[in-house]
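The values are calculated or read from the model by the stated rules, or taken from the named source; none is laboratory data. From a predicted model like this one, the values you see are computed outputs, not experimental measurements. Cβ atoms come from the backbone with ideal geometry, glycine included; neighbour counts cover every protein chain shown. Areas reflect the complete protein model, heavy atoms only, side chains present, ligands, DNA and RNA absent. Shrake-Rupley method; radii C 1.70, N 1.55, O 1.52, S 1.80 Å.
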Amino acid sequence: MTTTDTQPLLSAYDDQMRGAPPTPPTGVTYEQDGPLLRIVGQFRGFVSGPRDLGVDGAALDELIARQRDFFAARGEAVEWKTRSHDTPADLTERLRAAGFVPEERETVLVGRAAEMAVRQPAPPEGVTVRRVTADADMRRIAAMESAVWGQDWHWLADDLIGRVAAAPDDIAVYVAEADGEVVCAAWLVFRSGTGFASLWGGSTLAEWRGKGIYRALVAVRAALAVARGVTYLHVDASDDSAPILRRLGMHAVTTTTPYVWTPPSR
């Protein structure tokens, strides 16, 4: 696929992946503020908009301040999700001026599920992959993620448990285990009413990396997506994951950077 061939993938992403997911997890609400989707009730707030916000200058500054102040009143941090091809072009400058700080940039990758499902690497010997739904397994996943990132990710268990409880057909969670230990976990989130599903997770314990576990979890999720009639798979990929996913058939269409405002320490 040439560079120009990615435009249909980007157009599909912009058309189908910018609004609210169909079913909020338990305890989460979706709100609209002008052009923005605001998500409340997660471990931190979340804000996202269409490719063109349709406001600029002082009106944009007011919109940004309103999101910051909304979550400040709740004592919560908030992430504003930006994409590099969005307008107005000075959005990120204005976010910085309002106290938002950029986190690590990720690459937005889109691939055709049918093309990715034909690549079916098996997990390495001694590793088994299974789909999980139990609360206890979600807590094991959160513990593994905490070990990988050196941070407290207990909120992830609550998020996954809430998603499964609210809409069990909209998410498929998988673990890779060795000797009863979760060594990698990943999930597939379906976007009802669109041709998309998203790949999330994929973090792997350091001693288990480079063995094909991540690729095996991509393959099993791609196969499920095809079985469910999904056309496109989407990932917001780190620099570590993006090269693997491109080899598996995904294509970079833009980049995304979270801008985060955090309440001052008391």
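Data for the structure
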{"item": "Rounded to whole Hz, the Karplus (6.51, -1.76, 1.60) HN-Hα couplings of segment 153-168, x for glycine and proline", "result": "10, 4, 4, 5, 4, 4, 5, 5, 4, x, 5, 5, 5, 6, 7, x"}
{"item": "Solvent-accessible area, 1.4 Å probe, carbon plus sulfur percent, for segment 200-266", "result": "50 percent"}
{"item": "GNM result for the chain, Cα springs below 10 Å: residue of 49, 193, 201 fluctuating most strongly", "result": "193"}
{"item": "Global form of segment 1-87, assessed from the alpha-carbon gyration tensor, a/c cut-off 1.5", "result": "oblate"}
{"item": "Shape metrics for segment 52-131, restricted to C-alpha atoms - Rg then Dmax, Å", "result": "19.9, 59"}
{"item": "³J(HN,Hα) computed for each position of segment 46-58 - Karplus, 6.51 cos²θ - 1.76 cosθ + 1.60, integer Hz, glycine/proline x", "result": "9, 9, 8, x, x, 4, 10, 5, x, 9, 8, x, 4"}
{"item": "Burial order of peptide ranges 28-37, 176-185 (average beta-carbon count within 10 Å, highest first)", "result": "176-185, 28-37"}
{"item": "Amide proton proximity set for residue 108, modelled H, under 5 Å, gap of 5+", "result": "237, 253, 254, 255, 256"}
{"item": "Compactness of segment 155-198 - radius of gyration and Dmax, Cα, Å", "result": "12.2, 40"}
{"item": "Percent RCO, i.e. relative contact order, over segment 82-188, from Cα pairs under 8 Å lying at least 6 residues apart", "result": "23 percent"}
{"item": "Percent carbon-and-sulfur accessible area, segment 1-94, ignoring ligands, DNA and RNA, probe 1.4 Å", "result": "50 percent"}
{"item": "1.4 Å probe accessible area per residue over the chain, in Å²", "result": "47 Å²"}
{"item": "Charge dipole of segment 1-105 about the Cα centre (unit charges at C-beta), most positive-ward option of 30, 9, 98", "result": "30"}
{"item": "Separation of alpha-carbon centers, segment 176-255 and segment 90-122, rounded to whole Å", "result": "13 Å"}
{"item": "The chain: most fluctuating residue of 225, 98, 197 per GNM, C-alpha cutoff 10 Å", "result": "98"}
{"item": "Cα gyration tensor, segment 141-225 - rounded (a/c under 1.5), prolate or oblate", "result": "oblate"}
{"item": "Karplus (6.51, -1.76, 1.60) ³J(HN,Hα), θ = phi - 60°, over segment 134-140, in Hz, Gly and Pro reported as x", "result": "6, 4, 4, 5, 5, 6, 5"}
{"item": "Segment 79-168: translational diffusion in µm²/s, Stokes-Einstein, Kirkwood Rh over Cα pairs, 37 °C, 0.692 mPa s", "result": "190 µm²/s"}
